[in-house]
Amino acid sequence: MKVSHRRLILLAISTSLVCTRYAWAKTQPARQDTSSKRPALKELKKRQKQVYKELSGEDRRWLENEVPDIITEEERRAFRELATSEEREQFIELFWDRRNPDLESPVNSAKEEHYRRLAYADEHFSSGIVGRKTDRGRIYIIWGPPDEIDSHPAGGTYDRSPEQGGGSSTAFPWEVWRYRHLDGVGENVEIEFVDPTGTGEYHLTMDPCEKDALAHVPGAGPSLSELMGRASKADRLT
């Protein structure tokens, strides 16, 4: 498993939700003395907070439960600043139009696919929390089904790769998703999830050794280097 790929995945997840915030900030004029503008800014924030409280259940559900993983920070901010239900309805229509790969088609395939992914995530990845809010659910919603899944729902014995030190150990439930290509990330991307609690709630991990159930058990599940006395488990854990 390539750790660099997992780091790229975590970076991509973060930037898909918040990077536009920083890009927007960089486009702003150089900071001036704003002491005279503070009352106006405070009033604006108060108004935005009040407008958000007044969002209908349907509008709030769309923003927080249906598109949180694909909406940009600028779009989120713009939506929350809208004053009427009519404006928000028009915003949602334009939101999907911008993502429609074929404006001539009577069916918006991007919108259809997004809601299919939401339904799939809820059906297959729920584990105490709704599936779309889990790490596997969010990855599925953002990038769709992987090209290959290596699943080990019962954990059990596994052999480490040479890059992980070799040797065998016992693993928590885990699985690896493989994508041949991800836009903005790269080629042959591997994403690993682990369920250390055994509750079915897999979380994204950058550490391929996190699934090692014996990692903190002295003398258990040693790597080949540890067996030959060239390394110690204490070094590995630190």
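The values are calculated or read from the model by the stated rules, or taken from the named source; none is laboratory data. Values in this document were obtained by computation on a predicted structure and should not be read as measured data. Cβ sites come from the backbone with ideal geometry, for glycine too, and all protein chains shown count toward neighbours. Keep in mind that these areas ignore ligands, DNA and RNA; they rest on the heavy atoms of the full protein, side chains included. Shrake-Rupley method; radii C 1.70, N 1.55, O 1.52, S 1.80 Å.
So which helices (runs of 4 or more DSSP H) stay within the range 76-145 end to end and still have 1 or more residues that are under 19 Å from the mean Cα position of the chain (by Cα)?
Answer list for the range 76-145: 109-125, 135-143.
Quickly run through the range 179-207 and pick out the residues that are of a type in the set (A, V, I, L, M, F, W, C) and either without any contact (Cβ under 8 Å) to a residue 24 or more places away in the chain or under 15 Å from F125 (Cα atoms) (or both).
Within the range 179-207, F193, V194, L204 meet the criteria.
Select from the range 172-210 the residues that are on the phi > 0 side of the Ramachandran plot and outside any strand (DSSP E or B) and list them in ascending order.
G184, G198, G200
What pairs come out if I take residues in the range 130-152 that are under 17 Å from I71 (Cα atoms) and open to solvent by less than 40 Å² (accessible area, probe 1.4 Å) and pair them with residues that are outside any loop (DSSP other than H, G, I, E, B) and polar (S, T, N, Q) whose C-beta lies under 7 Å away, six or more apart or interchain?
I142/S16
Mind listing just one residue for me: the one in the range 208-223 that is without any contact (Cβ under 8 Å) to a residue 60 or more places away in the chain and either of a type in the set (S, T, Y) or in contact with a Gly (Cβ under 8 Å, 6 or more places away or on another chain) (or both) and, of those, surrounded by the fewest Cβ atoms within 10 Å (Cβ to Cβ)?
L214
Please enumerate the residues belonging to the range 146-165 that are among the hydroxyl-bearing types (S, T, Y) and part of a strand (DSSP E or B).
S151, T157, Y158
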